[in-house]
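The values are calculated or read from the model by the stated rules, or taken from the named source; none is laboratory data. What you are looking at is a predicted structure, and each value in this text was computed from that prediction instead of being measured. When we count neighbours, we look across all protein chains shown, and the Cβ atoms used for this are built from the backbone with ideal geometry, even at glycine. For accessibility, only protein heavy atoms count, side chains too; no ligands or nucleic acids. Shrake-Rupley method; radii C 1.70, N 1.55, O 1.52, S 1.80 Å.
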Amino acid sequence: MLLSDVADLLTDQAIELPSWAFGNSGTRFKVFGQAGVPRDPFEKIADAAQVHKVTGLAPSVALHIPWDRVDDYGVLRTHAEELGVSLGTVNSNTFQDDEYMLGSVTHADPKVRRKAIDHHLECIDIMDQTGSRDLKIWLADGTNYPGQDDIRGRQERLAESLAAIYERIGENQRLVLEYKFFEPAFYHTDVPDWGTSLVHCLELGERAMVCLDTGHHAPGTNIEFIVAQLLRLGRLGSFDFNSRFYADDDLIVGAADPFQLFRILYEVIRGGGYGASSGVAFMLDQCHNIEKKIPGQIRSVLNVQEMTARALLVDRDALTAAQQSGDVLAANEVLMDAFYTDVRPALAEWRESRGLPGNPLKAYREGGYQERIEAERVGGEQAGWGA
Ligand code: PSV
Ligand code: MN
């Protein structure tokens with residue numbers, strides 16, 4: 001197969017950018033400040049729009065509340081639309097208040113649980129104004145020591161709190177529950193894996209879906225299997241794409257293990273999870289600690305596109321034939337042939353045929369935007385992870 005055979009399918013690709021990827025970020029050792037970093041949500045969206053401008057791949061931006069709180073979300077929405085992008089998923093945040101030290105929606109104290117539930121209700125109010133479809137919930141809840149709290153009791157409280165939030169989710173909205181196996185809690189986490197997320201989603205109802213963050217698994221986990229299973233059950237709501245070498249590194253997607261990204265995307269396509277009508281949202285969840293943020297995001301969406309193109313090139317008929325005849329090596333070869341195809345020159349042509357720059361990173365570098373923000377954005381409080 002040639003790239004021209006799948007060119008039309010590539011136009012279906014839309015990758016949502018995280019507003020927080022444009023703010024300063026770092027590790028618990030150091031947050032490095034970068035020149036030109038946005039000072040408010042409006043500037044974050046302006047930066048995200050640059051990524052879409054040169055790639056045509058990133059038409060929406062995910063918000064994180066309270067980091068992206070503004071007085072008037074209608075104004076933020078119009079600002080985004082004027083720049084050619086829309087506001088996407090709203091992410092809640094119950095991991096930065098002192099009251100949440102021992103948990104949020106699972107906390108033993110009903111007052112703390114109420115506060116955490118109310119925060120989610122505020123997020124849904126915001127979604128109504130931004131026109132967002134998805135409320136993404138990631139919970140830092142968990143414990144550090146055996147015996148610290150009642151694991152089973154926390155599951156009951158989690159189910160109750162999620163039900164109170166789900167009740168307020170609109171007809172055209174979804175609750176997307178993200179899982180993560182550890183950090184910041186180190187002994188047990190209340191939503192550690194896709195099974196736990198799925199169990200709660202099934203109990204909640206049809207508009208509750210699982211979010212799969214590619215960095216949230218133990219090393220060696222077969223993530224494409226999880227993708228296949230969730231798609232089979234119709235419960236894969238979204239991806240948070242990033243890559244990792246060791247823990248939840250939040251590095252550029254496809255940087256650490258391009259082959260894994262290819263395998264994941266193959267299962268997405270195989271399982272009907274590709275394209276707007278599939279209901280599976282492709283998002284990035286990354287932090288660019290040492291590289292410049294806008295080019296970091298451009299590189300990321302291009303990596304997803306390159307691996308999507310390779311996955312679309314898999315000769316599915318030949319693969320099925322080899323699988324059904326039990327020809328192990330032939331089947332593997334079909335997959336590897338697609339993986340080893342260098343699609344970059346053909347993708348440059350694909351872009352040019354759509355009025356986009358053949359080399360988006362070069363176009364961004366030469367466009368003068370970076371110099372302009374570095375010169376103009378002086379003074380004020382720079383937005384950072386958590387700001
Ligand atoms: C948690 O590690 C997470 O992946 C969640 O998606 C949060 O919303 C995001 O990171 C914050 O950076
Ligand atoms: Mn995530």
**Prompt:** Among the residues of the stretch 231-247, which ones are within 16 Å of ligand 2 (Cβ to nearest atom) and either more than 26 Å from Ser19 (Cβ to Cβ) or assigned to a loop (DSSP other than H, G, I, E, B) (or both)?
**Reply:** Asn242, Arg244, Ala247
**Candidates Asp257, Asp249, Asp327 - the one that is open to solvent by 20 Å² or more (accessible area, probe 1.4 Å) and under 15 Å from the mean Cα position of the chain (by Cα)** = Asp249
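Does any residue of the stretch 277-290 turn out to be more than 19 Å from the chain's Cα centre (by Cα), away from ligand 2 (no atom under 16 Å from the Cβ) and open to solvent by 20 Å² or more (accessible area, probe 1.4 Å)? If you could, list the steps in order and put the result at the bottom.
Step one: of the stretch 277-290, the residues more than 19 Å from the chain's Cα centre (by Cα) are 290.
Of the ones still in play, those that are also away from ligand 2 (no atom under 16 Å from the Cβ) are 290.
From the residues that got through so far, the ones that are open to solvent by 20 Å² or more (accessible area, probe 1.4 Å) too are 290.
Within the stretch 277-290, one or more residues are more than 19 Å from the chain's Cα centre (by Cα), away from ligand 2 (no atom under 16 Å from the Cβ) and open to solvent by 20 Å² or more (accessible area, probe 1.4 Å).
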**Fill in**
When every residue in the stretch 187-202 that is within 16 Å of ligand 1 (Cβ to nearest atom) and part of a loop (DSSP other than H, G, I, E, B) is compared, the one farthest from the chain's Cα centre (by Cα) is Asp190
**Request:** Could you please tell me which pairs satisfy a Cβ distance under 7 Å, a separation of 6+ or placement on different chains, a first residue in the stretch 165-178 that is without any contact (Cβ under 8 Å) to a residue 24 or more places away in the chain and basic (Lys, Arg), and a second residue that is open to solvent by less than 10 Å² (accessible area, probe 1.4 Å) and within 16 Å of ligand 2 (Cβ to nearest atom)?
**Result:** none
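Collect the residues in the stretch 133-148 that are out of contact with any Gly (no Cβ under 6 Å at 6 or more places or on another chain) and buried (at least 21 other Cβ atoms within 10 Å of the Cβ), keeping them in residue-number order.
Taking the stretch 133-148 as the starting set, the residues that turn out to be out of contact with any Gly (no Cβ under 6 Å at 6 or more places or on another chain) are 133-140, 142-148.
Residues satisfying the conditions are Asp134, Leu135, Lys136, Ile137, Trp138, Leu139, Gly142.
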**Message:** For the condition modelled with pLDDT of 95 or more, closer than 29 Å to Ile15 by Cα and among the charged types (D, E, K, R), what is the one hit in Glu99, Glu160, Glu156, Glu81?
**Reply:** Glu81
**Matching residues, the stretch 159-180, being away from ligand 1 (no atom under 16 Å from the Cβ), open to solvent by 10 Å² or more (accessible area, probe 1.4 Å) and not in a loop (DSSP other than H, G, I, E, B)** = Ala159, Glu160, Ala163, Ala164, Tyr166
**Request:** Hey, could you check the stretch 70-97 for residues that are farther than 16 Å from Met127 by Cα and charged (D, E, K, R) and say which is nearest to ligand 1 (Cβ to nearest atom)?
**Result:** Asp97
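Could you please find all residues in the stretch 98-114 being within 19 Å of Ala163 (Cα to Cα) and either open to solvent by 70 Å² or more (accessible area, probe 1.4 Å) or touching a strand residue (DSSP E or B) at 6+ places or on another chain (Cβ under 8 Å) (or both)?
Step one: filter the stretch 98-114 for residues within 19 Å of Ala163 (Cα to Cα), giving 103-114.
Within the stretch 98-114, Gly103, Pro110, Lys111, Arg114 qualify.
In the set Pro219, Pro184, which member is surrounded by fewer than 17 Cβ atoms within 10 Å (Cβ to Cβ), within 11 Å of ligand 1 (Cβ to nearest atom) and not aromatic (Phe, Trp, Tyr)?
On the way: Pro219 fails: within 11 Å of ligand 1 (Cβ to nearest atom).
Only one candidate qualifies: Pro184.
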**Message:** All but one of (1) under 19 Å from Glu178 (Cα atoms); (2) of a type in the set (Gly, Ala, Ser); (3) surrounded by fewer than 24 Cβ atoms within 10 Å (Cβ to Cβ) hold for Ser60; state the number of the condition that does not hold.
**Reply:** (1)
**Prompt:** Given (1) part of a helix (DSSP H, G or I); (2) within 16 Å of ligand 2 (Cβ to nearest atom); (3) surrounded by fewer than 14 Cβ atoms within 10 Å (Cβ to Cβ), where does Cys123 come up short, assuming only one miss?
**Reply:** (3)
**Request:** Might you let me know whether the stretch 313-320 holds any residue that is of a type outside the set (A, V, I, L, M, F, W, C) and under 18 Å from Ala58 (Cβ atoms)?
**Result:** no
**Request:** Look at Thr214 and say whether it is among the β-branched types (Val, Ile, Thr), crowded, with 18+ Cβ neighbours inside 10 Å, more than 18 Å from Gly271 (Cβ to Cβ) and within 16 Å of ligand 2 (Cβ to nearest atom).
**Result:** no
